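A short worksheet on the structure shown next.
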Amino acid sequence: MRSILFICAANICRSPLAMGLFSMLTPLQTGEWRIASAGVYAPVGYPAAQNTLALLKQRGLDLNQHRSTQITLEMVQASNLILTMERGQKEALQIAFPDHSQKIYLLSEMIGEDWEIADPVGGSYSDFEDTARDIEHILTTGYDKIIRLAGETESAE
């Protein structure tokens, strides 16, 4: 099974947005994909930001059931590919989970670049649109690489 875990700080803006946008790109046939998101410093149980929900709803995806989750070792073990929004998140995860560091990347690395996804929390709807546009660009441009890496190693079931 291919598996991908999107990571941001609180798991209410960027990582749920990336999870939703990526799920719209993939053929979600039974058992083919596991797509999840979590936060490095996430308070547990919060809904996604209203602007995140609105952006995804505009694209036909309902993420109202999403609740913020803090990353765990079990989540890391169950994922073939982990994509972070910021360099510090990538470094923190590689330090916390050294046995899994080879599958942790900055999202922009999927297109051969090295830049962070801006956190729109507290910003305007336009800020969220800019973030969504950046994430969509990486997910579509880097899709083949993401597919390859998300299926490259066997995850723990």
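Here, each number is a calculation from the coordinates, and none is a lab measurement. Every value quoted in this text rests on a predicted model; they were computed, and no experiment measured them. Backbone-built Cβ (ideal geometry, glycine too); neighbour counts: all protein chains shown.
Exposed loop sites are taken as chymotrypsin sites (Phe, Trp or Tyr not before Pro) in a DSSP loop (any state but H, G, I, E or B) with at most 15 other beta carbon atoms within 10 Å; the longest stretch of the chain without one runs 42-114.
Taking amide hydrogens as placed 1.01 Å from N in the peptide plane, the amide H of Thr84 sits under 5 Å from those of Ile7, Tyr105, Leu106, Leu107, each at least 5 positions away in sequence or on another chain. Under 5 Å between amide hydrogens, built in the peptide plane, is the criterion, and for Cys13 it picks out Ala49 among residues at least 5 positions away or on other chains. Counting only whole DSSP H helices of the chain, the ones at least 15 Å long by C-alpha along their axis and with mean Kyte-Doolittle hydropathy no lower than -1.0 are 14-25, 125-141. For a straight C-alpha distance cut-off of 24 angstrom, the lysines reachable from Lys90 (same-chain residues fewer than eight places away being disregarded) are Lys103, Lys145.
Its Cα centre serving as origin, the range 2-150 has a Cβ charge dipole (Lys and Arg +1, Asp and Glu -1) of approximately 440 debye.
Projected label points at Ala78 and Ala96, each 7 Å from Cα along the beta carbon direction, are separated by 1.6 nanometres. Specify the residue with the greatest mean-square fluctuation among Ala18, Ala78, Ala132, computed from a Gaussian network of the chain linking alpha-carbon atoms under 10 Å apart. Of the options given, Ala78 has the highest mean-square fluctuation.
Taken over the range 41-157, the percentage of Cα pairs per 5 Å bin, counting from 0 up to the bin with the maximum distance, is 2, 10, 17, 20, 24, 19, 7, 1, 0. Of the GluC sites (Glu not before Pro) found in the range 71-127, the ones in coil according to DSSP and having at most 12 other Cβ atoms within 10 Å of their Cβ are Glu113. Qualifying trypsin sites (Lys or Arg not before Pro) in the range 72-157, where qualification requires a DSSP coil assignment and no more than 11 other C-beta atoms within 10 Å, are lacking entirely.
Any idea what the relative contact order of the range 1-155 is, in percent, if you count C-alpha pairs under 8 Å spaced at least 6 apart? Answer for the range 1-155 is 28 percent.
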